[in-house]
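Shown next, in structure tokens, is the structure this report addresses.
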Amino acid sequence: METKRVLVLGATGGVGGAVAAALLRRGWAVRGLARDVAGARRNGDTRIDWVEGDAMERGAVMRAAEGVSVIVHAVNPPGYRHWDRLVLPMIDNSIAAARAVGGARLVLPGTIYNHDPAAEPVIGADTPQRPKSRKGAIRVALEERLRAAAPEVPSLIVRAGDFFGPGARSSWFEEGMLARGKPVRRILNPARGGGHSWAYLPDLAEAFGRLLEVEDRLLPFEVVQFEGLYDATGREMTDGIRRVVGRDVPVRRFPWWLLSVLAPFGGFPREATEIAPHWRHPVRLENGRLVALIGDEPRTDLDTALRVSLESMGCLGAERPGALEAGAA
């Protein structure tokens, strides 16, 4: 049987790395593009064929894409700097590379920022996109690039909530709720009510892998939703962390007020304030199309997922996980 070949842009990152690992388990030959190949080989997956290049350079992406049938676009500008100016040129480079190799399927991890959480509590493939942030508007434009390129360049968008799990470093879980490398002494909860959607990275990556195994059933422009964990109460994640840690860790409200004060100065406070509505309003991802394509959505038990996540962050240390009864307050 012919080996399936994929180029993963962003294979050194959380989502890209997880998807690359899932495809390797399925027998794919995975190529990764990296600005620092030596560092990628030293710190990344040694099974990946690392090639030197920058996703912001069209020629580099086109050379790396030679011979592949799928391109996973899971890359962002370095340090997320100049995101608003670089994201669209980067997807244009990937589209050009996919077209140059005869129509490789372009795979994109999607977000919920394309939507207005106050108006759209359930997101499906056909839900109107009415973004309320600059980032959301750019994501809409990015997806429209893929729609316009199909069917010459087929695509697959898998929309998911906030990431957690090994490798999810630029995430609310690791940067907003907890502190990497430190025992859990407190938890900051950004939620202002129930209904937040989370995606455990290994489960999400497994879904990507399964979807690419049913290529013949995918539409030229395919959009599916990964439901993940729908935190109906706004406390399921924090309660789960406390169970895994084994102590009654105090839960504090995330200081949204402080970010609102700092937002005019730009940087993270401004970016976070723009997406604050996604923490105030319930948003669930409707996964009917995904289930129709691959069967039941991959779903790791929450406590297991949290234990793996906390261990990867170095937050458990000498704690005795599991000491609290399930559902403890």
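The values are calculated or read from the model by the stated rules, or taken from the named source; none is laboratory data. Source: prediction; values computed, not measured. Quick reminder, even Gly has a Cβ in these numbers, built from the backbone with ideal geometry, and neighbours come from all protein chains shown.
Every residue, every condition in (1) touching a strand residue (DSSP E or B) at 6+ places or on another chain (Cβ under 9 Å); (2) among the polar types (S, T, N, Q), yes or no:
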| residue | (1), (2) |
| --- | --- |
| ASN43 | no, yes |
| ARG47 | yes, no |
| ASP54 | yes, no |
| VAL61 | yes, no |
| SER69 | yes, yes |
| VAL101 | yes, no |
| ARG105 | yes, no |
Exercise. Please specify each residue of the range 150-189 satisfying the condition of being charged (D, E, K, R) and in a strand (DSSP E or B).
Key: ARG159, ASP162
Quiz item: Which of (1) over 20 Å from the mean Cα position of the chain (by Cα); (2) at negative phi does GLY295 not meet, given it meets every other one?
Solution: (2)
Quiz item: For the range 191-203, which residues satisfy the criterion of being in contact with a strand residue (DSSP E or B) (Cβ under 7 Å, 6 or more places away or on another chain) and part of a helix (DSSP H, G or I)?
Solution: LEU201
Quiz item: So which residues in the range 119-134 are part of a loop (DSSP other than H, G, I, E, B), of a type in the set (D, E, K, R) and under 19 Å from ILE275 (Cβ atoms)?
Solution: GLU120, ARG130, LYS132
Self-check item: Single match in ALA11, ALA18 (criterion: crowded, with 16+ Cβ neighbours inside 10 Å, in a helix (DSSP H, G or I) and touching a residue at least 24 places away in the same chain (Cβ under 8 Å))
Solution: ALA18
Quiz prompt | Residue list for the range 244-274, filter: within 27 Å of LEU306 (Cα to Cα) and of a type in the set (Val, Ile, Thr) | solution = VAL244, VAL245, VAL249, VAL251, THR273
Exercise. Return yes when ALA137 is within 21 Å of ASP216 (Cβ to Cβ), outside any strand (DSSP E or B) and either among the acidic types (Asp, Glu) or modelled with pLDDT under 95 (or both) and no when it is not.
Key: no
